[in-house]
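The values are calculated or read from the model by the stated rules, or taken from the named source; none is laboratory data. Fair warning: this is a prediction, and the values are worked out from it, not measured in the lab. When we count neighbours, we look across all protein chains shown, and the Cβ atoms used for this are built from the backbone with ideal geometry, even at glycine. SASA here: full protein model, heavy atoms, side chains in, ligands and nucleic acids out. Shrake-Rupley method; radii C 1.70, N 1.55, O 1.52, S 1.80 Å.
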Amino acid sequence: MNQTKSAADRDTVEDVVARMTLEEKVGFLSGAGMWRTAAIGRLGIAPIVMTDGTYGVRYSIPQIDGNQRGGEDLDAFLSVVSQRASDVTIAWGEMKSATCFPNGSAMGNSWDVALMGRLGELLGQECRALGVHLLLGPGINLRRTPLAGRAYEYYSEDPLLTGKLAGAVIRGLQSQGVGASLKHFAANNSEIERTTMDSVIDARALREIYLKGFEIAVTEAEPWTVMSSYNRLNGVQAAENSWLLDEVLRREWGYDGVVVSDWHGIKDRPASLRAGNDLDMPESPLRKADLLRALKAGSVSTKLADAACARVLRLIRRAQAAAAGPVPTIDAAAHHAEARRLARESMVLVKNEGLLPIRPEMRSILVVGHDGVTPVIQGSGCATTTPTFVDQPLDELRAALWPEQEMAFRDETDAETLRLAAEADLVIFFASTEGAYDGEGADRTTLALGPGQDAAISALGAVTARLAVVIACPDAVEMPWIDAAGAVLVTFYSGQAMGGAVADLLVGRVSPSGKLSVTFPRKLGDVPGYLSYPGELGRHLYAEGIHTGYRGYARRGTEVLFPFGHGIGYASFAYSGLALSAAEVGLESEVAVSFTITNAGDMAAAEVSQLYLAARGRVLQRSPLELKGFAKTPLAPGESRRVTIALSGRGLAVWDPRSERWELEGEAAELLVGASSADIRLRAPLRLLPSVLPWRRIAYDTQPLYVLENPIARAEIRGYLSARAGISEVDADRALDHCANSFFGIFTTLERRLRISIPKDQVAELLVRINHRMDQETAKSDADKSASA
């Protein structure tokens, strides 16, 4: 290390920033080319390298080694990143190979925090070997619609599962000295007009659904960077949204890392810096010039620029200190074997009528479909990876079979194929969705399989009952032929070792243990957000509110193809002995939930158990089911294990738009333990203790029903009526009961039914008194909670 850099490292971050010129600060808050931070040689600041890769490291030789310029045009950049996976060299030029691990929508089905941590470690090792300091992932936007073009990158339709899995990846990645970039913050849930669309989301849905996964990952894993998204959120560009980036991310969640833009995602650089977006990527001379003018004019404070420079410099120092250690040597074959393990732990057997696993007596096996020889292993977009190997499913399956078994292959379903299928002991059809247009930059338009495949499966099902279907897909698909299939294995996009993992599961080397992290609807029109998707005139209203995914299906009582959390294997499991450490829980307390799982089968297997809250809500309505915990438990045949899941009161809370805080409403709820959201095995009551008054504030036109259930309001109005009408308080109370069924406001109802006049000034005084008393009670409750905490 040279002497100048050593001196720079000894200086505090603040000292170095203080020595930067204004022009250097502007340059430092922008990328240098496409994938580097800016260097300042005279201050001994060297750049760090970043690149995409939520499931594999995408290393573009001309863009990184050649340090290509970042350009200035968003549309030109997006035309490149939207290339199909098969055209990756067109988009990025010559690529260094890296392990293509299972994509996010596949890994989400593992429900395995430890496995996700291992994925992060493996990605970190490959980054270190390639000289990459910051990996731009994981992406954790909610899979609100199965049509979303980037659904293949994301983990789930549930925020808790998403946040926990993402946190594990981040911890694993950063344990290797490589920074994560949690993205895309926030509500970037569709590719339709993704750089301009306004995601319009109510406060509860935003907090409880679309921000919750980010909150969990940020507070539990502390990613080195967070990436702002392309879209608008409630009218404000996400990259320039001070409420999102400063008030929520930094002040509420305590985040002190770097906020980086998505590539060319900033439209107003001065506004983005004021909002808290530190690093503008990639380099743009126009945006740098805009920021310099704003700083010189004073419309952007130099203190903001200094704080952002300090955060970027801390990131660089942290990354370079980690990179100074020994560089790992990557054993490509060993990483491929790890990818195979990750893949088989994440695939989901959604149906099996005794057809699988393959048994020796199945002498003749027919494999149909071109996906058996050219598998779809990943989605299209900036995450696309050049794999080190690619398993061919046909070869892997042939190698796994018994010597006496014969296997034939047919690429298409013609008359000869149908004849062979009718005679075979087992038919395996490899299917996939149409991938020629969807991915980053484009949503799917249908939940059907690729052209002709649904018809081919139906034709095969008409001639044999021994049909197994293997499906590679980015998200949920429709299965109009489901009754004709004896078994269905959904691989999602399982990476380069997909073929070997499929073979392992089909022949029973390992029992399938993945469970769906999304719901599979029977048809597209059943999706909760269907009626408001994809928006119009630049506005996308998330009309279903908090009732997204399985919550929405349960709320409407919609029959689904396969429920959230569903997945079967070659063993069966018994649940017993549910016990709670407490019968009630408050906002600041906890309850431990314990139960026993027993492997009742004759094969080693792992079971994903799921813990749901069933609560109705009082003022604030809730979804019928909310996932609150989960565990994946490996069990030998006949083995039993005790599982304990800790719940906090805050983890059970809802967002109250009135107080703009997390609150618990008091009610009798239930905890449900299940093998899926639709397969509940155990139940126990749990009382939720209130942290907020269970009544709404009173206005002139509040209906009597909501006034009379409020003892504060009832007492004040009863006293007023007694004095106003010259009657006893008992009679006044009876008069109020007489008004209970009115649909008019309380004061209009009193005037009509009691034939009295109530002056407006007296009404106003009464409302002030009622709501003031309610505020006092709320403040007293807050003080009690603080004292107990």
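Quick one: which strands (runs of 3 or more DSSP E) lie wholly within the stretch 571-642 and hold at least 3 residues that are β-branched (Val, Ile, Thr)?
Counting at least 3 such residues, we get 590-599.
Show me the helices (runs of 4 or more DSSP H) entirely contained within the stretch 44-117 in which 3 or more residues are at pLDDT below 95, aliphatic (A, V, I, L, M) and surrounded by 15 or more Cβ atoms within 10 Å (Cβ to Cβ).
74-81
Identify, please: which residue in the stretch 296-309 is part of a helix (DSSP H, G or I) and open to solvent by less than 10 Å² (accessible area, probe 1.4 Å) and is, among those, farthest from residue 46 (Cα to Cα)?
So the residue we want is 305.
Output the residues belonging to the stretch 38-67 that are under 18 Å from residue 101 (Cα atoms) and of a type in the set (Asp, Glu).
52
Please give the number of the condition residue 706 fails out of (1) at pLDDT below 95; (2) part of a strand (DSSP E or B).
For residue 706, the exception is condition (2).
Taking the stretch 734-747 as the search range and keeping residues that are of a type outside the set (A, V, I, L, M, F, W, C) and buried (at least 16 other Cβ atoms within 10 Å of the Cβ), which one is nearest to residue 715 (Cα to Cα)?
745
Mind checking which residues of the stretch 415-469 are of a type in the set (Asp, Glu) and touching a residue at least 60 places away in the same chain (Cβ under 8 Å)?
425, 438, 440, 443
Do we find that residue 276 is more than 28 Å from the chain's Cα centre (by Cα), farther than 29 Å from residue 125 by Cβ and not aliphatic (A, V, I, L, M) in this structure?
no
Assess whether residue 529 counts as being in contact with a strand residue (DSSP E or B) (Cβ under 7 Å, 6 or more places away or on another chain), on the phi < 0 side of the Ramachandran plot and open to solvent by less than 10 Å² (accessible area, probe 1.4 Å).
Criteria not met by residue 529.
Can you name the condition, by its number, that residue 25 falls short on among (1) closer than 17 Å to residue 260 by Cβ; (2) modelled with pLDDT of 95 or more; (3) part of a loop (DSSP other than H, G, I, E, B)?
(3)
Look at the stretch 349-401 and say how many of its residues are in contact with a strand residue (DSSP E or B) (Cβ under 6 Å, 6 or more places away or on another chain), of a type in the set (Val, Ile, Thr) and over 24 Å from residue 435 (Cα atoms).
So the count comes out to 1.
With the requirement that a residue be surrounded by fewer than 20 Cβ atoms within 10 Å (Cβ to Cβ) and among the β-branched types (Val, Ile, Thr), what does the stretch 176-194 give you?
Result: 192, single match.
Does residue 523 count as among the charged types (D, E, K, R), buried (at least 22 other Cβ atoms within 10 Å of the Cβ) and under 30 Å from residue 102 (Cα atoms)?
Considered against the rule, which asks whether it is among the charged types (D, E, K, R), buried (at least 22 other Cβ atoms within 10 Å of the Cβ) and under 30 Å from residue 102 (Cα atoms), residue 523 comes out as no.
Among the residues of the stretch 666-706, count how many are of a type outside the set (Gly, Ala, Ser), buried (at least 17 other Cβ atoms within 10 Å of the Cβ) and in contact with a Leu (Cβ under 8 Å, 6 or more places away or on another chain).
Total satisfying the criteria: 10.
Do you know which of the residues in the stretch 640-657 that are charged (D, E, K, R) and surrounded by 13 or more Cβ atoms within 10 Å (Cβ to Cβ) is nearest to residue 110 (Cα to Cα)?
Across the stretch 640-657, the extreme among qualifying residues is 641.
Just wondering, is there one or more residues in the stretch 509-516 that are on the phi < 0 side of the Ramachandran plot, open to solvent by 30 Å² or more (accessible area, probe 1.4 Å) and of a type outside the set (Val, Ile, Thr)?
The answer is yes, given that some residue of the stretch 509-516 is on the phi < 0 side of the Ramachandran plot, open to solvent by 30 Å² or more (accessible area, probe 1.4 Å) and of a type outside the set (Val, Ile, Thr).
Conditions (1) assigned to a helix (DSSP H, G or I); (2) modelled with pLDDT of 95 or more; (3) in contact with a strand residue (DSSP E or B) (Cβ under 7 Å, 6 or more places away or on another chain); (4) open to solvent by less than 10 Å² (accessible area, probe 1.4 Å), marked per residue:
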position: 248; (1), (2), (3), (4): yes, yes, no, yes
position: 264; (1), (2), (3), (4): no, yes, no, yes
position: 267; (1), (2), (3), (4): no, yes, yes, no
position: 270; (1), (2), (3), (4): yes, yes, no, no
position: 274; (1), (2), (3), (4): yes, yes, no, no
position: 286; (1), (2), (3), (4): yes, yes, no, no
position: 289; (1), (2), (3), (4): yes, yes, no, no
position: 292; (1), (2), (3), (4): yes, yes, no, no
